[in-house]
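Chemist: To start, I am sharing the structure in question, which I have written as structure tokens.
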């Protein structure tokens, strides 16, 4: 006996449904491709800029009166006597002609949200190695920005002066060579040891606040003369 095999037939509704599914998938793929093509080829928005915290907190005050190491300050302190062994650093105005090979030149400024910065001061210090952050400090522990009225100012970069050509200063910094062009009005200052007698009315002073009960207990003070602003 012979049995003939009959071909299996698909339901009549299956072909239209399959065609509709393929059509929907194709439309979704076209929409996704169009959206990706129309998207602008720009990097994502950077996160909000956050300034790093100060590792050496300072207090900066205006000098209202000064006489033989006794000060009246803008925080209300009156007749404050500095320690007899206090170390004084003074930020004195300097010119391009005074820059010498071997000096450390620090660039002080304020970074901003667009990853740029505004230069506020250029500070010369005695030559020597930088700290772990690439910042050179005086023997009293100052970089030169601490007495600024805007406490957002920070050392941005710096290096040892290797050559001076007129107003162009070549540096060797921790990250490599740098070149700084000094204009005639560049806010250039030299941080150097001074004396208590140099503190005058109208100056601005700073001292490290960490572990200190006030300026009367400060072991070192930075002075920004009023005429050097």
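Laboratory data are not the source of any read-out in this text; all were calculated from the coordinates shown. Worth saying up front: this structure is predicted, and the values here are computed from it rather than measured. Glycine also receives a Cβ, built like all others from the backbone with ideal geometry; neighbour counts cover every protein chain displayed.
Chemist: If I take R0 = 41 Å and measure r between the Cβ atoms of residue 179 and residue 27 in this structure, what FRET efficiency does the formula 1/(1 + (r/R0)^6) give, to the nearest 0.05?
Modeler: 0.10
Chemist: A further question follows. Can you check how the C-alpha radius of gyration of region 58-228 compares to 2.2 N^0.38 Å, as a plain ratio?
Modeler: Cα Rg divided by the expected 2.2 N^0.38 Å: 1.05.
Chemist: Below 8 Å between Cα atoms, with a sequence gap of 6+, how large is the relative contact order for region 58-228 in percent?
Modeler: Dividing the mean separation by the residue count of region 58-228 yields 34 percent.
Chemist: Tell me the label-point distance for the pair residue 74, residue 163, using the 7 Å Cα-to-Cβ offset, in nm and rounded to one decimal.
Modeler: 4.2 nm
Chemist: Output the Kirkwood hydrodynamic radius of region 97-179, Cα pairs only, in Å rounded to one decimal.
Modeler: Every distinct Cα pair counted, the radius reaches 13.1 Å.
Chemist: Can you tell me how much longer the chain between residue 217 and residue 195 gets when fully stretched, taken as 0.36 nm per residue apart minus their C-alpha distance, in nm with one decimal?
Modeler: Result: 6.2 nm gained on full extension.
Chemist: Considering only DSSP beta bridges with both partners in region 106-203, what is the antiparallel share in %, to the nearest 5?
Modeler: 90 percent
Chemist: Moving on. Which stretch or stretches of region 58-86 have amide N atoms under 13 Å from the point lying 7 Å from residue 151's Cα along the Cα→Cβ direction?
Modeler: What the label zone holds, given the 13 Å backbone N cut-off, is 58-62, 75.
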